[in-house]
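So the structure is just underneath, and the comments pick up after that.
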Amino acid sequence: MILNHVSVGASDVVKAVGFYDSVLSTLSIKRAHYIENIAAAYGENFEFWVGSPCEGKTTSSNGAHIAFNAPSKEAVDQFYATAIELGGSCAGKPGLRPEYGETYYAAFVRDLDGNKIEAVSM
């Protein structure tokens with residue numbers, strides 16, 4: 001990986017951490033660090049963070065998203081179902097995306113603050 005970590009802002013850190021704990025667990029990604037009511041980190045090396053925005057309000061970017069590796073197509077499906085169940089919104093149902101590669105299977109959702117996240121199995 002060429003990046004050390006990425007982070008997204010959350011208007012309610014406690015709700016966001018609950019969302020990401022459940023959604024990322026479908027991909028076998030666990031929370032590794034927590035600063036109470038400030039931020040949480042996921043992955044062995046804290047590669048993904050969610051927390052209070054530095055400037056006081058969240059922003060979600062149009063066109064940018066964060067993709068997480070999934071161990072299987074079934075994990076992609078579970079990622080999507082869990083995110084929707086917890087209040088995320090659909091940004092692309094699970095399925096093959098041949099425009100990205102012959103075996104590229106992915107789902108896209110927006111989290112509680114509108115950040116676009118993806119699970120992909122190849």
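Computed from the coordinates by the stated procedures, all read-outs in this text should not be read as laboratory data. Keep in mind that this is a model prediction, so the values were computed, not measured.
Relative to the longest principal axis of the chain, what angle (0 to 90°, nearest 10) does the C-alpha long axis of helix 13-25 take?
30 degrees
Enumerate the aspartates and glutamates that LYS93 could reach by cross-link, defined here as Cα to Cα under 15 Å, with residues fewer than 8 away along the same chain left out.
Once the sequence-local aspartates and glutamates are set aside, what remains near LYS93 is GLU74, ASP77, GLU85, ASP111, GLU118.
With a cut-off of 8 Å between alpha carbons and a minimum separation of six or more residues, what is the relative contact order of the chain in percent? The partial results should precede the final answer.
Working: 240 pairs, mean separation 31.3, N = 122.
Reported as a whole number, the value is 26 percent.
Can you tell me how the stretch 62-107 classifies by the Cα gyration tensor, rounded, prolate or oblate, using a/c under 1.5 as the rounded cut?
Values: a/c = 1.93, a/b = 1.28, b/c = 1.51.
Oblate shape, in that a/c is at least 1.5 and b/c is the bigger or equal ratio.
I need the semi-axes of the equivalent ellipsoid of the chain: take the C-alpha gyration tensor, multiply each eigenvalue by 5, square-root it, list largest first in whole angstrom.
Largest first, the chain gives 23, 15, 14 Å.
What does DSSP give for the chain in terms of the percent of beta bridges that are antiparallel, rounded to the nearest 5? Please report the intermediate quantities before stating the final value.
On the way: 19 of 27 bridges.
Antiparallel bridges make up about 70 percent of those DSSP assigns within the chain.
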